[in-house]
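Read through the structure below, which is laid out as structure tokens, and then see the notes.
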Amino acid sequence: MDFLLSFLNAMPGAVGQGLTWGVMAIGVYITYRILDVADLTVDGSLATGGAVCALLISMGVNPWLAMLTALLAGMLAGFATGLFHTVCGIPAILSGILTQLALYSINLRIMAIGDDAAKTKNSLAVSVDRHNLLVSSRNIRKLTLENPILLLAVLVVVVIAVLYWFFGTEQGCALRATGSNGNMARAQGINTDRSKVMGLVVSNGLVALAGALLTQYQGSATVDMGRGAIVIGLAAVIIGEVLLSGVFHNFALKLLACVIGAIIYYAVITLVLRLGLETTDLKLLTALVVALFLTVPYWKGKYFSKPVKPVKKEESTHA
Amino acid sequence: MLDVQNIRKTFNPGTVNEKTALRGVSLTLKDGDFVTVIGGNGAGKSTLLNAVAGVWPVDSGAITIGGVDVTKLPEHKRAKYIGRVFQDPMMGTAATMQIEENMALAARRGQKRTLRPGITRDERDHYREMLKILDLGLEDRLTSKVGLLSGGQRQALTLLMAALRKPDLLLLDEHTAALDPKTAAKVLEATERIVQKDRLTTLMITHNMKDAIVHGNRLIMMYEGRVALDISGEDKKKLTVEDLLARFGQATGSDEADDKLLLS
């Protein structure tokens, strides 16, 4: 009973984390599902978003402006990956890894801007007491408008609405066609290189925005905050798909499924932490969860599908 | 409408896999010409079509479509002038998108893509009417994902999409080869209707000699990266398979081609 109570007590935190990472998961969905590219830039661009946001807020800049700048910084990171991939012809995965690696150095520099004592810094703290933060985990249990869940939920809805509109436009359709069938897209006059760059830009913009939210939520940006982010994002996307693809067919709902996936992911994480695992064990756990959820649909198709072909074969041997 | 001047293409130059696929092909199509292309495996038929479509650049020579020199234009820019149907039914449509979305993409071929809606209500009604021409019941399935359609349905849809925005040139690359005979006949019939309706300038590769003779107003036969035979007008109308084989033998001095052609 105590256990259950303490688990329920931790649920608001899981929801807050889940909503923040949900924005990131939507970014991953755009590359992984729509563009059909596994983009590893996100491990770097999440921290870039966090670093830019923390820096600007600590300098006294309006937090909305700080988040917008973080978004633009992430888009720039995605643009770099896009150029590596399309102009330089480097495979998508490697392009992402290159940008991610480069961003590590850049993020260390960003966090030290304006500091005379250090040239690089691996973390930058912002406090809800001293700075004007939009969301903070400190308020997660308050029943006031300051509760971060409220603003995060509104932001998630806005992000989904904007993406729903964008992917319905001519450019958005071109991007979807590029991911679905590059040959077809080119035959219809779509510049597939341009589409890929655009998808990476949009995706990493969202990931950096999530980084900016996360920084405010947890009160600091660290250079390592994005480590393994791609796997968490994938976990959210896949959990959402496996559990909700039967009910959610509309595009906006599919994006929402990513967010719900992220919330479920953090609920499960909270549960296992209560069961006695260390936070350092989480990466192992996340990897296993993603592996499991990727295996299920594959095995379902391979071992549990209706045996259509064998039946036909039997008929023909009898005949 | 199409003017191909002495184009050459060698794949994997300087390696053991070096293959010269086009050895100086020249071809001029008049407005409204419907040309069928036959030839054995490796004769360069598909290579010729891909060269015109701009899948990769040619080594030398020039390609002009409707007076515009497209030799150096990338594939997506040439798409403005060209409608295409591929041999593989999976290649011409986006499986994860709806039928109407696929058509809307094709309706914007060669136009600048903006932030306006990707498909409008008026378009939907228009597409429904167009799909009726195919007589496959697709007009009632506008919002179905294309991946749910059969190969024949997808190929027919691709054909409709290729002609949705009247192309200067229609390229058909053995577009019925992967279909069962009955479906192939249906798609070919739809092809004839669509080409006739807008008098489209068409280049159609086929592996079937009879189809090549029955359809179109001109027939070319390729052999070892060159145009070996070019038959048009009254000559083409009276042509039989036996004629064709005999004339091919004369033109190339090869008799091995008989089985090669018939089998391929």
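Given the criterion open to solvent by 10 Å² or more (accessible area, probe 1.4 Å) and closer than 20 Å to B:Arg84 by Cβ, identify the matching residue among B:Asn208, B:Asn217.
Values: B:Asn217 fails: closer than 20 Å to B:Arg84 by Cβ.
Result of the check over B:Asn208, B:Asn217: B:Asn208.
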Query - Tally of residues being more than 27 Å from B:Leu170 (Cβ to Cβ) and touching a Gly at 6+ places or on another chain (Cβ under 8 Å) across the range B:3-18 - result: 0
Requested in this report: Name every residue in the range A:38-54 that is of a type outside the set (D, E, K, R), out of contact with any strand residue (DSSP E or B) (no Cβ under 8 Å at 6 or more places or on another chain) and open to solvent by less than 20 Å² (accessible area, probe 1.4 Å), in order of residue number.
Outcome: A:Thr41, A:Val42, A:Gly44, A:Ser45, A:Leu46, A:Thr48, A:Gly49, A:Val52
**Report entry** Counted residues, the range A:1-34 - those being within 25 Å of A:Gly74 (Cβ to Cβ), open to solvent by 10 Å² or more (accessible area, probe 1.4 Å) and hydrophobic (A, V, I, L, M, F, W, C)
**Finding:** 4
Query raised in the report: Looking at (1) modelled with pLDDT of 95 or more; (2) within 11 Å of chain A (Cβ to nearest Cβ); (3) exposed (fewer than 15 other Cβ atoms within 10 Å of the Cβ), can you tell me which one B:Asp69 breaks?
Result: (2)
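Is it the case, given these coordinates, that A:Thr144 is over 25 Å from the mean Cα position of the chain (by Cα), within 17 Å of A:Gly13 (Cα to Cα), away from every other protein chain (no Cβ under 14 Å) and of a type in the set (Val, Ile, Thr)?
Working: over 25 Å from the mean Cα position of the chain (by Cα): yes; within 17 Å of A:Gly13 (Cα to Cα): yes; away from every other protein chain (no Cβ under 14 Å): yes; of a type in the set (Val, Ile, Thr): yes.
Yes; evaluated as a whole, the condition is true for this residue.
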Report summary line: Per the list (1) within 30 Å of A:Leu124 (Cβ to Cβ); (2) open to solvent by 50 Å² or more (accessible area, probe 1.4 Å); (3) outside any loop (DSSP other than H, G, I, E, B), residue check on A:Leu253 breaks on (1)
Query raised in the report: Of the residues B:Thr96, B:Thr64, which single one is touching a residue at least 12 places away in the same chain (Cβ under 8 Å), of a type in the set (Val, Ile, Thr), open to solvent by 30 Å² or more (accessible area, probe 1.4 Å) and within 11 Å of chain A (Cβ to nearest Cβ)?
Result: B:Thr96
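Please pick out the residue among B:Leu148, B:Leu142 that is within 14 Å of chain A (Cβ to nearest Cβ) and either open to solvent by 80 Å² or more (accessible area, probe 1.4 Å) or in contact with a Leu (Cβ under 9 Å, 6 or more places away or on another chain) (or both). Explain how you work it out, then say what you get.
Values: B:Leu142 fails: within 14 Å of chain A (Cβ to nearest Cβ).
Of B:Leu148, B:Leu142, the one residue that is within 14 Å of chain A (Cβ to nearest Cβ) and either open to solvent by 80 Å² or more (accessible area, probe 1.4 Å) or in contact with a Leu (Cβ under 9 Å, 6 or more places away or on another chain) (or both) is B:Leu148.
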Query raised in the report: In the set B:Gly14, B:Gly39, which member is on the phi > 0 side of the Ramachandran plot, more than 14 Å from every other protein chain (Cβ to nearest Cβ) and either modelled with pLDDT of 95 or more or crowded, with 22+ Cβ neighbours inside 10 Å (or both)?
Result: B:Gly39
**Report entry** Odd one out for A:Gly168, checked against (1) within 14 Å of chain B (Cβ to nearest Cβ); (2) within 17 Å of A:Lys254 (Cα to Cα); (3) out of contact with any strand residue (DSSP E or B) (no Cβ under 7 Å at 6 or more places or on another chain); (4) small (Gly, Ala, Ser)
**Finding:** (3)
**Report entry** Identity of the residue in the range B:102-123, more than 8 Å from every other protein chain (Cβ to nearest Cβ) and open to solvent by 80 Å² or more (accessible area, probe 1.4 Å), that ends up nearest to A:Asn183 (Cα to Cα)
**Finding:** B:Lys112
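Can you find a residue that is within 14 Å of chain A (Cβ to nearest Cβ), aromatic (Phe, Trp, Tyr) and open to solvent by 40 Å² or more (accessible area, probe 1.4 Å) anywhere in the range B:80-89? Break it down into steps so the answer makes sense when it comes.
Filtering the range B:80-89 down to residues within 14 Å of chain A (Cβ to nearest Cβ) leaves B:80-89.
Now narrow it down to the ones that are aromatic (Phe, Trp, Tyr): B:81, B:86.
Among the residues that remain, those that are also open to solvent by 40 Å² or more (accessible area, probe 1.4 Å) are: none.
Among the residues of the range B:80-89, not one is within 14 Å of chain A (Cβ to nearest Cβ), aromatic (Phe, Trp, Tyr) and open to solvent by 40 Å² or more (accessible area, probe 1.4 Å), which makes the answer no.
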**Report entry** Leading residue by the ranking (farthest from the other protein chains (Cβ to nearest Cβ)) among those in the range A:171-187 that are surrounded by fewer than 21 Cβ atoms within 10 Å (Cβ to Cβ) and in contact with a helix residue (DSSP H, G or I) (Cβ under 8 Å, 6 or more places away or on another chain)
**Finding:** A:Gly182
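Within the group A:Ala210, A:Ala221, which residue is away from every other protein chain (no Cβ under 13 Å), assigned to a helix (DSSP H, G or I) and open to solvent by less than 20 Å² (accessible area, probe 1.4 Å)?
On the way: A:Ala221 fails: assigned to a helix (DSSP H, G or I).
It is A:Ala210.
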Report summary line: Going through (1) within 14 Å of chain B (Cβ to nearest Cβ); (2) open to solvent by 10 Å² or more (accessible area, probe 1.4 Å); (3) assigned to a loop (DSSP other than H, G, I, E, B) one by one, A:Ile190 fails only at (2)
**Report entry** Test result for B:Glu75, more than 8 Å from chain A (Cβ to nearest Cβ) and acidic (Asp, Glu)
**Finding:** no
Report summary line: The correct count of residues that are in contact with a helix residue (DSSP H, G or I) (Cβ under 8 Å, 6 or more places away or on another chain), modelled with pLDDT under 90 and in a loop (DSSP other than H, G, I, E, B) in the range A:137-167 is 3
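The values are calculated or read from the model by the stated rules, or taken from the named source; none is laboratory data. Note that this is a predicted model, so its numbers are computed, not measured. Neighbour counts are summed over all protein chains in view; Cβ atoms, including those assigned to glycine, are modelled from backbone coordinates with ideal geometry. Side chains included, ligands, DNA and RNA excluded: accessible areas come from the protein's heavy atoms. Shrake-Rupley method; radii C 1.70, N 1.55, O 1.52, S 1.80 Å.
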